[in-house]
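First comes the structure, then the notes that go with it.
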Amino acid sequence: MRKYLSLLAISLVAASLPAMAQVRQKPASTQSNDGEATVLENEVDPNPFDPKLEIREYFRQHLPTTWWVTDPAYGTNVWSVTVHIPENWRGNPTSAIMQLCPDRFSPVWQENLDRILVQAFYRKRPWPGIECRREHFLY
């Protein structure tokens, strides 16, 4: 009888193993501090607007091959970048950077980003900068 009880106990433990394997905690990213699962709100944007990233990507895509730009910096309520133009380029650097301003439908102009200061650095010195602005229209 004792043998049958031990076999019954072993079979119960073996039968409960798959059920125990199914009871797992949720991943840490979906848990709150108390260990309970949290529900993500539908209104939370999984990819929020990052102006620094948008400005960096815009200039990376629109600059000529040998030109490069500094990382966008934020100060006094405006973003600014410096475009470095190679020595062998010929032309007016201020006019050239005017052509780099994003158009009004560019994804750069989101949220509260209204202005970007762009300055050329050419032949080992800074040139006068320009201010790219988002156009505001009243419809």
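Some values worked out for this structure:
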read-out	value
Condition broken by VAL69, with the remaining ones in (1) of a type in the set (A, V, I, L, M); (2) surrounded by fewer than 18 Cβ atoms within 10 Å (Cβ to Cβ); (3) touching a Phe, Trp or Tyr at 6+ places or on another chain (Cβ under 8 Å) satisfied	(2)
Selection within region 61-86 - closer than 18 Å to GLN110 by Cα and among the aromatic types (Phe, Trp, Tyr)	TYR74, TRP79
Residues of region 109-130 classified as in contact (Cβ under 8 Å) with a residue 60 or more places away in the chain, of a type outside the set (S, T, N, Q) and surrounded by 11 or more Cβ atoms within 10 Å (Cβ to Cβ), total	2
Any chance PHE49 is at pLDDT below 90, of a type in the set (Phe, Trp, Tyr) and surrounded by 12 or more Cβ atoms within 10 Å (Cβ to Cβ)	yes
Hey, SER29 loosely packed, with under 10 Cβ neighbours inside 10 Å, outside any loop (DSSP other than H, G, I, E, B), at pLDDT below 90 and polar (S, T, N, Q) or not	yes
Candidate set from region 113-139 (those that are of a type in the set (D, E, K, R) and part of a loop (DSSP other than H, G, I, E, B)); member that is nearest to PRO64 (Cα to Cα)	ARG123
Only one of PRO72, PRO64 that is of a type outside the set (A, V, I, L, M, F, W, C) and touching a helix residue (DSSP H, G or I) at 6+ places or on another chain (Cβ under 6 Å)	PRO72
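Results for (1) out of contact with any strand residue (DSSP E or B) (no Cβ under 6 Å at 6 or more places or on another chain); (2) assigned to a loop (DSSP other than H, G, I, E, B); (3) aromatic (Phe, Trp, Tyr), shown as yes or no for each residue.
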| position | (1), (2), (3) |
| --- | --- |
| ARG56 | yes, no, no |
| THR82 | no, no, no |
| SER95 | yes, no, no |
| GLU111 | yes, yes, no |
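The values are calculated or read from the model by the stated rules, or taken from the named source; none is laboratory data. Predicted model, so just to flag it, every value in this text is computed and none were measured. Positions of Cβ are generated from backbone atoms using ideal geometry, with glycine treated the same way; all protein chains shown enter the neighbour counts.
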